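Below is one structure, written out as structure tokens; the observations come after it.
The values are calculated or read from the model by the stated rules, or taken from the named source; none is laboratory data. Just so it is clear, the model here is predicted, and its values are computed rather than measured. All Cβ positions, glycine included, derive from the backbone under ideal geometry; neighbour counts span all protein chains shown. Protein only, heavy atoms only, side chains kept; ligands, DNA and RNA dropped before computing areas. Shrake-Rupley method; radii C 1.70, N 1.55, O 1.52, S 1.80 Å.
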Amino acid sequence: MAGNVTVKGWCPGALRPMLSGDGLVVRVRPRFAALSRNQVLALCDAASRFGTGVIDLTNRANLQIRGVTEAAWPELIEALGEAGLVDDDAETEERRNLLVAPDWIDGDDTHRITGLLLNRLNALPSLPAKVGFAIDAGPAPLLSYESADFRIERNESGQLLVRADGRDKGALVATPEAAVDALIALAHWFVDSGGLDAGRMRRHDADLPEWAAPRISPAQAARVPALGIHRAGTLYGLIFGQVDAGNLRAAVEQTNAKGMRVTPWRRLILEGGIPGLPCSGLVLDNSAPELNADACAGAPGCEQATVATRELARQLSGAVEGHLHVSGCSKGCARRLASDICVTGREGRYDVIFKGRADGEPDITGLTASQLLEYFGVK
Ligand code: SF4
């Protein structure tokens with residue numbers, strides 16, 4: 001791995017926030033990947049009142065308020081709690097590490113399995129904080145490339161299956177109830193078979209139990225849906241996964257949205273209301289170059305960063321071919337997959353990795369921001 005980073009090994013929540021360069025990071029995990037209209041408005045108010053006024057949508061489809069002071073945190077939690085956006089305790093919040101395919105409809109299998117699992121969180125063993133579940137039971141998997149350790153998907157024939165991450169096949173499960181039983185049993189098997197040492201399922205190479213043996217392929221993964229009219233409402237893009245809380249509030253009011261769905265693709269769905277309405281700070285143009293770029297908070301927001309990221313990514317995004325990732329350090333929080341061009345900060349300068357991840361071996365090292373811009377022909 002290039003450079004030195006501190007891997008904290010846990011994910012912040014609302015009840016267990018993380019201290020970063022610009023204050024506390026408070027992360028809300030929406031249940032069912034959905035918020036009601038009132039919850040969205042309460043979140044916007046909370047971000048404006050207690051944070052920087054910007055809301056981050058993370059690549060695990062969580063919503064994050066940054067820049068919260070320790071003094072303000074209790075009041076923020078009270079406001080979020082009144083809106084039904086926090087759990088009863090930090091342990092429940094940590095266990096509720098679920099990625100839910102955002103296009104579910106009431107009563108379908110994604111919705112049912114998520115509800116059943118939420119009711120049985122106490123049956124899960126204690127797992128590493130980053131270990132999570134993807135409930136992805138639509139006709140074709142939507143979350144195959146997103147971070148999760150245990151997945152519910154469907155095969156080409158429409159049968160439900162449970163799949164351990166890192167295995168390209170899964171095992172059939174007959175019903176939503178059986179799917180939840182299988183997820184819980186796999187989590188226990190992971191712990192009992194030494195998975196805690198590996199940390200994540202894809203790094204755990206023990207043989208799966210016979211009942212979960214990988215025999216059935218999931219259906220071919222679906223593409224990330226395009227921006228614009230969506231069956232649940234309108235899908236909007238967020239540049240670098242950020243939205244100004246005032247803009248989000250205005251968008252909810254202008255479109256008369258009845259709620260919001262969150263996705264792990266830096267996109268959100270405003271449910272119902274006026275479809276396809278352009279809204280300030282939300283992107284509808286599928287060709288916007290910034291949508292093909294990822295950038296983490298960088299300096300000064302993240303204490304591990306020695307370089308700024310997002311303004312540079314904005315400048316570079318229209319000038320480079322393919323996917324761009326600008327990472328404040330080699331941890332690569334904004335994207336775990338390889339990018340065509342990955343720029344990684346190290347000791348106040350930038351390294352460039354072609355076709356790699358933020359922790360890859362750099363092809364070019366030690367550029368200043370202006371040298372980097374010049375290299376890619378940005379005037
Ligand atoms: S990748 Fe970015 S956000 Fe993550 S630790 Fe490094 S600088 Fe911070």
Pick out, from Val173, Leu98, Pro141, the residue whose Cα sits farthest towards the positive end of the charge dipole of the chain, with +1 on the Cβ of Lys and Arg and -1 on the Cβ of Asp and Glu. Pro141
Gyration tensor (Cα) of the range 104-212, equivalent ellipsoid semi-axes in angstrom: 21, 15, 13
Student exercise, the chain dipole from Lys, Arg, Asp, Glu Cβ charges, in Debye to nearest 20: 440 debye
In order through the range 147-164: 3J(HN,Hα) via Karplus (6.51 cos²θ - 1.76 cosθ + 1.60), integer Hz, x for Gly, Pro: 6, 6, 10, 10, 10, 10, 9, 10, 8, 4, 8, x, 7, 6, 9, 10, 9, 7
Positive end of the charge dipole of the chain (Lys, Arg +1 and Asp, Glu -1 on Cβ, about the Cα centre): tell me which of Leu277, Ala250, Ser287 has its Cα farthest that way. Ser287
I want the local charge near Ala140. Using Cβ-Cβ distances under 10 Å, sum +1 for each Lys or Arg and -1 for each Asp or Glu among the other residues. -1
I need the calculated FRET efficiency for the pair Thr368 and Gln254, taking r as the beta carbon distance and R₀ as 41 Å, to the nearest 0.05. 0.45
Within the range 82-192: Cβ-based charge dipole about Cα centre, in debye rounded to nearest 20 (Lys, Arg +1; Asp, Glu -1): 440 debye
Estimate the FRET efficiency between Ser287 and Ile105 by the formula 1/(1 + (r/R0)^6), using the beta-carbon distance for r and 22 Å for R0, to the nearest 0.05. 0.15
Honestly the range 50-102 on the Cα gyration tensor test (a ≥ b ≥ c root eigenvalues; a/c under 1.5 rounded, otherwise a/b vs b/c for prolate or oblate) is just oblate
Quick check: from the Cα gyration tensor, does the chain come out rounded (a/c under 1.5), prolate or oblate? rounded
Over the Cα atoms of the range 289-375, what Rg and Dmax result, in angstrom? 10.9, 30
Can you list the equivalent-ellipsoid semi-axes of the range 184-238, largest first and in whole Å, using the square root of 5 times each Cα gyration tensor eigenvalue? 35, 15, 10
Might you report the magnitude of the Cβ-based charge dipole of the range 289-375 about its Cα centre, with Lys and Arg at +1 and Asp and Glu at -1, to the nearest 20 debye? 200 debye
The range 203-337 - Rg and Dmax from Cα coordinates, angstrom: 18.4, 53
Given Pro362, Cys302, Ala47, which one lies farthest toward the positive end of the charge dipole of the chain, if we put +1 on the Cβ of every Lys and Arg and -1 on the Cβ of every Asp and Glu? Pro362
Taking H placed 1.01 Å from N in the peptide plane, check which residues at least 5 places from Val100 or on another chain put their amide H under 5 Å from its amide H. Ile135
Solvent-accessible ranking of Lys379, Lys169, largest area first, probe 1.4 Å: Lys379, Lys169
Rounded to the nearest 10 Å², what accessible area does His204 show when all protein chains are kept and the probe is 1.4 Å? 10 Å²
